[in-house]
Structure formats: structure tokens, C-alpha cells
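Undergrad: Quick one: this structure, given as C-alpha cells, is what I'll be asking you about.
The values are calculated or read from the model by the stated rules, or taken from the named source; none is laboratory data. Bear in mind that the values here come from a model prediction, so they are computed numbers and not experimental data. For neighbour counting, all protein chains shown are included, and Cβ atoms are generated from backbone atoms with ideal geometry for every residue, glycine included. Heads up: the accessible areas ignore ligands, DNA and RNA and are worked out on the full protein's heavy atoms, side chains in. Shrake-Rupley method; radii C 1.70, N 1.55, O 1.52, S 1.80 Å.
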Amino acid sequence: MKIKVLLSILACTACMLSSCSSEDDIHAELEDPQYNVTDDASDPIQHERHELFAKYKTYLITNPQTIDYKFNFQKKNNLRITPPDQSQAMLQKGIARLHSMFLDTYSEEFRLKHLPFSIILADSILFLGMEKATPSYHAYAANRFLAIAGIRQDMGTESDSLMQAMKGDIHSRYWIDFLGGEKGVFSIPETFDEVSKDYYRKEISELASTPLGDVWGTLPWDIDFHSLGFISYNHIATFFDPDPDYGGWWIETPDEDTDRRQWVAFIFGTPKTQREQIVNSHPIMKEKYDILKQAFLKCENFDIDQLP
């Protein structure tokens, strides 16, 4: 009986040792590069892949497949990402845009600490079920990746306002969804929301007695929301009803999340001279900017005053 027990213990021990060995093998495999990052100085695209991985352990994905973005551990990303044209010329333009719109904004030290597992270049980023809807996402961030759209044939022909919107959205999603939501190294305090708390989620007719005044009949993009501390209106909740009797524009102010995203996009997407003019146009705008400035400084002492 004792011999049987001893044999059982030895068998269990052998299994445990085998399991440990297998687990070590698994970890070793996970530490190996998951994509081809071998350097090729004659190929500027492959060289960029190598550089990003060698410096920051970040993969550059230029031909995204579903596996690269669909699964986000606890949840699925309800997206469809369309790869850009795979010509060398197009991908080189995409990499140049990646640098000018995103990477060059941050210091080497910041990039070493805070780049995601992968950066995806995309023609378009669409929400599943709404693939034909416009506009699509300019960018998207999850716990492992940052995807940047707009890598397509018409690159370079966009208006200045569209370029600002694209750049702003990239950084807004990076800071709020990745650095804030996933890494937890950035947060906007509740004091920011308190400044405009009386004006959130209001239809403009409810705000006639506020600093906004009576703007009934004005098109949403012609209304100056700065007097309420907002960058713009809530684009998702605002719509036009064509009913001839009861229709017209329903224009709504941002909710708290939209307000935060619009502000971060504004800070990164708007040129400094224009940004300072708008921030200083109303005390309420300056108050919210100063709160955000302190929030950014708490993350690697990142100073938004220094943005161009």
C-alpha cells in the first residue's frame, strides 16, 4: 500500500515538473516577436517595423487582420478595420503621417514608457453594423493597440479643419482610452465636470437665459459654445428632423464624456495661437484648461502649453 502511495506521489511530482517545463516554454514563446521585425535597411517599411519594436517593443501593423484588433481580452472590439493599399508609396505616406500626427508629439522617454503593444495603420475604422455610415473613426484605442485611419489615396488633400480633427481624435483616444482607461496613468478630475455641470445634456432652447443666449434658428456649427465652457455641441445627440410642421434642428450640448474628449482633441488638434485665443476668450474656458493642464502634468510632467 505504501509503495502505491509513493508511486502516486512520484507520478504527481513528475507531472508538476513537466507542467512547469511546459509553462516555461510557453512564456519563452510569448516573449519572442509575434510579427516579423527583422531589419531590412533596403526596405523602409520593414526598417520602420524593426525600429519601433527595437526601441519601444511596439509592433507596427500595416496590413491588419481581424486577430490584430478584434479581441480585447475581456471584451470584443466591435470593429471592422480596412487595411490601406499595400504599395510601398502608400505605406511610406502612412508612416510619415504616423510620425507627424502622433509619434513626434512625444519625447523619447515618454514613448519608451507609454506606447501600446501595437500601432495599426488603416484605410478606415468602422463600427460593425454601420460600415456604410459616415464619418468613420479617425482613430481607435484599446488595451493593446492604437489604430489610425485615413491612410488612403486622398491623403494630403484633406482640409486643414479635417486634419485638425483627425489629429485631435488620435490623441484624445490615446489619452482617454489607452493611457487613462487601460493603463491608468492619466485621469481628468471631477472638478473639470463641475465647471459646466449646469449645462450638460441640454437642448439649446433650455439655455436661452445662460451666457449662450437665444440662438434658436442658428445652425449647430455656427453656435459659439465657448461661453458655456464647451468646445462644440454633441455631434451624436444633435440631428435634423425634416418634418415640415414640427421638425427642425435638435441641438444638444455635450455630456461629461463627450466634453472631455472634445477638450483633449482641441488641445492636440488646434494650433497654439488659435488655441490660446479660444481658451482666453472666456474665463470658464481658461478655468477648464487650467484643470486639464494640471491633469496632464501628473503624467510624466507632460506640458500641454508646449504643444505647437
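Undergrad: Provide 233, 137 ordered by accessible surface of protein heavy atoms (probe 1.4 Å), highest first. Could the numbers behind the result be given before it?
TA: Working: 233 25, 137 60 Å².
Final ranking, largest accessible area leading: 137, 233.
Undergrad: Same structure, new question: Evaluate the Debye formula for the chain with equal point scatterers sitting on the alpha carbons, no solvent, and hand back log10 of I(q)/I(0) at q = 0.07, 0.08, 0.11 Å⁻¹, in q order, two decimals.
TA: With one equal scatterer per Cα and no solvent, log10 I(q)/I(0) is -0.37, -0.47, -0.78.
Undergrad: Could you look at region 186-249 and say what percent of its accessible area is carbon and sulfur, using a 1.4 Å probe and all protein chains?
TA: Numbers: 1970 of 3890 Å².
Taking all protein chains in place, region 186-249 shows 51 percent carbon and sulfur surface.
Undergrad: Also, I was wondering about something else. Taking Cα atoms of region 77-159, Rg/Rh with Kirkwood Rh, to two decimals?
TA: Details: Rg = 13.4 Å, Rh = 13.7 Å.
In region 77-159, Rg relative to Rh is 0.98.
Undergrad: Let me ask something else. Using only Cα atoms, tell me the angle between helix 283-297 and the longest principal axis of the chain; keep it within 0 to 90° and round to the nearest 10.
TA: With rounding to tens, the tilt is 10 degrees.
Undergrad: At q = 0.11, 0.22 Å⁻¹, what log₁₀ I(q)/I(0) does a Debye calculation on the Cα points of region 215-295 give, no solvent, two decimals?
TA: -0.34, -1.05
Undergrad: Evaluate the Kirkwood expression for the hydrodynamic radius of region 158-236, namely the inverse of the mean inverse distance over all pairs of different C-alpha atoms, and round to one decimal in Å.
TA: Computed over region 158-236, the radius equals 14.8 Å.
Undergrad: Output the peptides 183-189, 93-99, 139-145 sorted from most to least packed, where packing is the average of other Cβ atoms within 10 Å over each peptide's residues.
TA: Averaged packing, sorted descending, gives the order 139-145, 93-99, 183-189.
Undergrad: Here's something else I'd like to know. Once you sort the root eigenvalues of the Cα gyration tensor of region 192-231 as a ≥ b ≥ c, which label holds: rounded (a/c under 1.5), prolate (a/b larger than b/c) or oblate (the other case)?
TA: Prolate is the answer for region 192-231, as a/c is 1.5 or above and a/b outweighs b/c.
Undergrad: Please state the charge dipole magnitude for the chain, taken about the Cα centre, from unit charges on C-beta atoms (+1 on K and R, -1 on D and E), reported in debye and rounded to the nearest 20.
TA: 960
Undergrad: Here's a follow-up. Quick one: compute the contact order of the chain, relative version, from alpha carbon pairs under 8 angstrom and 6+ residues apart, as a percent.
TA: 13
Undergrad: Still on this model: Given the options 251, 120, 236, state which has the largest fluctuation in a GNM of the chain using a 10 Å cut-off (strictly under) for Cα springs.
TA: For the chain, modelled as a Gaussian network with Cα springs under 10 Å, the answer is 236.
Undergrad: Continuing with this model, one more query. Helix 88-101: angle to the longest alpha-carbon principal axis of the chain, degrees 0 to 90, nearest 10?
TA: Approximately 60 degrees, to the nearest 10.
Undergrad: Give me the net charge for the shell around residue 148: Cβ to Cβ below 11 angstrom, other residues only, Lys and Arg +1, Asp and Glu -1.
TA: Net of charged neighbours comes to +1.
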